[in-house]
Amino acid sequence: MSGTYRCPMIEIDVDESICYDIQMVTGNMIKKRILDDYGDLFDQSKVTGEMAEKLCGDCAYNQLNQTS
C-alpha cells in the first residue's frame with residue numbers, strides 16, 4: 001500500500017506516511033508532537049481521538065486495521 005489518500009479527518013490529500021503517523025497519534029502510540037514535522041500542511045487541531053473514533057476505524061486506508 002503506497003500512495004496518496006484523501007484523509008476525511010483533516011480534509012486534504014496526504015501521503016501514506018502522514019496517514020500512518022496520524023493513526024499512531026490517535027491510537028496513543030506516539031506523541032502528537034511528531035505531527036510538527038509536517039509544519040503547515042494541515043490544521044493539527046483537527047487530529048483528535050474523538051474524530052479518529054468516528055473516521056479512522058472504518059477508513060480503507062487505516063494501516064493499523066490491515067491484515068497481511
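Of everything in the range 56-68, what is touching a residue at least 12 places away in the same chain (Cβ under 8 Å) and either under 10 Å from the mean Cα position of the chain (by Cα) or part of a loop (DSSP other than H, G, I, E, B) (or both)? Give them in sequence order. Spell out the reasoning first.
Step one: filter the range 56-68 for residues touching a residue at least 12 places away in the same chain (Cβ under 8 Å), giving 56, 59, 61-64, 66.
If the condition is that a residue be touching a residue at least 12 places away in the same chain (Cβ under 8 Å) and either under 10 Å from the mean Cα position of the chain (by Cα) or part of a loop (DSSP other than H, G, I, E, B) (or both), then C56, C59, Y61, N62, Q63, Q66 are the ones that fit.
Among the conditions (1) exposed (fewer than 12 other Cβ atoms within 10 Å of the Cβ); (2) in contact with a Lys or Arg (Cβ under 9 Å, 6 or more places away or on another chain), Y61 misses just one, which is (1). Within the range 43-65, can one find any residue that is at pLDDT 85 or above, touching a Ser or Thr at 6+ places or on another chain (Cβ under 7 Å) and among the charged types (D, E, K, R)? The answer is no, given that none of the residues of the range 43-65 is at pLDDT 85 or above, touching a Ser or Thr at 6+ places or on another chain (Cβ under 7 Å) and among the charged types (D, E, K, R).
Give K46, K31 a once-over and let me know the one that is surrounded by 10 or more Cβ atoms within 10 Å (Cβ to Cβ) and over 12 Å from the mean Cα position of the chain (by Cα).
On the way: K46 fails: over 12 Å from the mean Cα position of the chain (by Cα).
So the residue among K46, K31 that is surrounded by 10 or more Cβ atoms within 10 Å (Cβ to Cβ) and over 12 Å from the mean Cα position of the chain (by Cα) is K31.
The values are calculated or read from the model by the stated rules, or taken from the named source; none is laboratory data. All of these numbers come straight from a predicted model, not from anything done at the bench. Because the Cβ atoms are built from the backbone with ideal geometry, glycine has one as well, and the counts that use them run over all protein chains shown.
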